[in-house]
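The values are calculated or read from the model by the stated rules, or taken from the named source; none is laboratory data. Just so it is clear, the structure is predicted and the values come from calculations on it, not from any experiment. Here Cβ is always computed from backbone atoms with ideal geometry, including for glycine, and neighbour counts include all displayed protein chains.
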Amino acid sequence: MENIELIVFLRLVRKKIGTIILGGLIFSLISFYAFIFTQKRYETGIDYLIVQDQMGTQDFYSLSKSAEYLGGVLSEAVYSGVFIDELKKTSEANSSYFPTNSRDALRKWKKSVKIERNPDLGIMKIKVYDDDKNVAIAISQGISEMMVTKNYLFRGKVNLDVRVLSGPITEKNPSIGRIVMVVLGGFILGCVLNFMYVYYRFISKMIRA
């Protein structure tokens, strides 16, 4: 783009700046409502510490890497059909929570549970999302029972200790921080798209001229 064309384009942008900002505001509003109406109302989280007991001559590094690996195995196991089947047997989880079809049950489960890990510290946070506060708490407690007392079903023949560090802690969902990020992202996306539209119209006119 030559200097004269750049000057003309910048003048056009200044003239259209209100439209660009309005587009950003519209996108941020759409993003806000789309995000709010697709999120569950409550989030319940429990923090776990995963520790492998020392065996024989294993050094600290080997134990920490092994615990890191087993933590990854446990986090993947949470999303399995076997975990769901065992969870239904706990005193906390209501089997009617899950659809009768296994595929639908897994699909719902993966949308309802989120796992965050800090492998270096052996810490895992498991969050459960639901529109009913009591259901979110009950499912979290059922997961806790599985993680602490039945983790042997998924880890093999090793001495692994899973302890609850904190929780269950229930909060309103989504958080203010996540809402701000979504709204800001929608605003930026709207501004960028409108800016690109203005640029496209300008280039089209320049080609036809």
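Condition check ((1) among the aliphatic types (A, V, I, L, M); (2) without any contact (Cβ under 8 Å) to a residue 12 or more places away in the chain; (3) in contact with a strand residue (DSSP E or B) (Cβ under 7 Å, 6 or more places away or on another chain); (4) closer than 30 Å to I4 by Cβ) across all residues:
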residue	(1), (2), (3), (4)
M124	yes, no, yes, no
K133	no, no, yes, no
V148	yes, no, yes, no
S166	no, no, yes, no
M181	yes, yes, no, no
Quiz item: Has the stretch 165-178 got any residue that is at pLDDT below 85, under 30 Å from T19 (Cα atoms) and of a type in the set (A, V, I, L, M)?
Solution: yes
Exercise. Say whether the condition of being surrounded by 13 or more Cβ atoms within 10 Å (Cβ to Cβ), under 23 Å from Y42 (Cα atoms) and of a type outside the set (V, I, T) is met by at least one residue in the stretch 156-167.
Key: yes
Quiz item: Does Y61 fit the bill of being at pLDDT below 70, aromatic (F, W, Y) and part of a helix (DSSP H, G or I)?
Solution: yes
Exercise. Kindly provide the set of residues from the stretch 42-55 that are in contact with a helix residue (DSSP H, G or I) (Cβ under 8 Å, 6 or more places away or on another chain) and at pLDDT below 85, ordered by number.
Key: I50, V51, Q52, Q54
